[in-house]
């Protein structure tokens with residue numbers, strides 16, 4: 001039997017999603033395989049619907065643990081679970097903290113402080129620390145780049161001496177960066193044949209970019225984007 005194609009935004013999928021969420025919230029641990037497979041078996045998901053299925057599967061897992069004998073977590077604990085999942089699923093490399101803005105709070109005047117352009121002192125310290133680490137790594141990469149650039153100039157001069165027509169036929173000797181299917185095919189043939197290409201110029205480093213200057217300001221205590229550090 002052909003799997004049924006599901007499309008995000010269709011009425012059929014909206015109804016299925018409601019049913020799957022309701023089931024996920026009541027899931028028990030021994031039911032998890034069936035809950036997840038019921039969303040996959042017999043369905044062909046598109047780019048969007050598979051995202052919903054993945055999220056609902058995670059929701060089922062969390063509720064199954066909470067519905068067990070050791071469950072019954074508080075709202076505060078649920079917040080910790082949410083952040084744990086967000087970090088481990090998507091933001092594993094985050095060093096300085098994350099924030100969720102609940103715009104429903106715009107409806108209540110007492111929550112105006114939540115929308116101040118402020119950053120917590122602890123987050124600011126972590127940002128300064130991360131910026132300093134990035135600068136050290138960037139400076140080391142820049143030193144390496146300068147050495148590679150010197151060597152490139154030496155290698156290029158030697159190559160041009162060996163192939164005097166290099167500057168007139170650079171496209172013939174240089175590696176292909178972008179091109180048509182036909183140009184890529186010809187390039188791969190040259191690679192396979194052992195063709196001697198010209199030396200490749202090294203990529204510039206971040207130490208010479210606006211990003212590095214931005215890091216420098218952070219390290220120097222200048223808070224960007226019109227923010228201020230909250231006391």
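The values are calculated or read from the model by the stated rules, or taken from the named source; none is laboratory data. The structure presented is a predicted model; accordingly, all values stated were derived computationally and were not measured. Heads up, the Cβs are rebuilt from the backbone with ideal geometry, glycines too, and the neighbour counts pull from every protein chain shown.
Among the residues of region 90-128 satisfying the criterion of being in contact with a helix residue (DSSP H, G or I) (Cβ under 8 Å, 6 or more places away or on another chain), assigned to a helix (DSSP H, G or I) and not assigned by TED's automatic domain parsing to the domain that holds residue 222, which is nearest to residue 227 (Cα to Cα)?
Result: 115.
With region 1-82 as the region, which helices (runs of 4 or more DSSP H) entirely inside it contain at least 3 residues that are closer than 29 Å to residue 98 by Cα? Step through it out loud before you land on a result.
Details: elements: 11-25, 32-40, 49-66.
Passing ranges, in order: 11-25, 49-66.
Within region 180-201, track down each residue that is outside any helix (DSSP H, G or I) and surrounded by fewer than 12 Cβ atoms within 10 Å (Cβ to Cβ).
Residues satisfying the conditions are 180, 194, 195, 196.
Have a look at 177, 204 and point out the one that is modelled with pLDDT under 90, more than 30 Å from residue 119 (Cα to Cα) and surrounded by 11 or more Cβ atoms within 10 Å (Cβ to Cβ). Walk me through it before giving the result.
Working: 177 fails: surrounded by 11 or more Cβ atoms within 10 Å (Cβ to Cβ).
Testing whether each residue is modelled with pLDDT under 90, more than 30 Å from residue 119 (Cα to Cα) and surrounded by 11 or more Cβ atoms within 10 Å (Cβ to Cβ) leaves just 204.
Would you mind finding the one in 230, 161, 157 that is surrounded by 12 or more Cβ atoms within 10 Å (Cβ to Cβ) and more than 27 Å from residue 137 (Cα to Cα)?
On the way: 161 fails: surrounded by 12 or more Cβ atoms within 10 Å (Cβ to Cβ); 157 fails: surrounded by 12 or more Cβ atoms within 10 Å (Cβ to Cβ).
Result: 230 is the single residue among 230, 161, 157 that is surrounded by 12 or more Cβ atoms within 10 Å (Cβ to Cβ) and more than 27 Å from residue 137 (Cα to Cα).
Identify all residues within region 2-25 that are closer than 27 Å to residue 67 by Cα and within 30 Å of the chain's Cα centre (by Cα); write none if there are none.
13, 14, 16, 17, 18, 20, 21, 24, 25
Scan 226, 221 and give me the residue that is at positive phi, outside any helix (DSSP H, G or I) and in contact with a helix residue (DSSP H, G or I) (Cβ under 9 Å, 6 or more places away or on another chain).
On the way: 226 fails: in contact with a helix residue (DSSP H, G or I) (Cβ under 9 Å, 6 or more places away or on another chain).
After applying the criteria, what remains is 221.
Please verify whether residue 21 is free of Cβ contacts under 8 Å to residues at least 24 places away in the same chain and either surrounded by 13 or more Cβ atoms within 10 Å (Cβ to Cβ) or in contact with a helix residue (DSSP H, G or I) (Cβ under 8 Å, 6 or more places away or on another chain) (or both), treating the condition exactly as stated.
When the stated conditions are applied, residue 21 does not pass them.
Checking residue 33 against (1) in contact with a helix residue (DSSP H, G or I) (Cβ under 7 Å, 6 or more places away or on another chain); (2) closer than 30 Å to residue 10 by Cβ; (3) surrounded by fewer than 13 Cβ atoms within 10 Å (Cβ to Cβ), which test does it fail?
Among (1) in contact with a helix residue (DSSP H, G or I) (Cβ under 7 Å, 6 or more places away or on another chain); (2) closer than 30 Å to residue 10 by Cβ; (3) surrounded by fewer than 13 Cβ atoms within 10 Å (Cβ to Cβ), residue 33 violates only (1).
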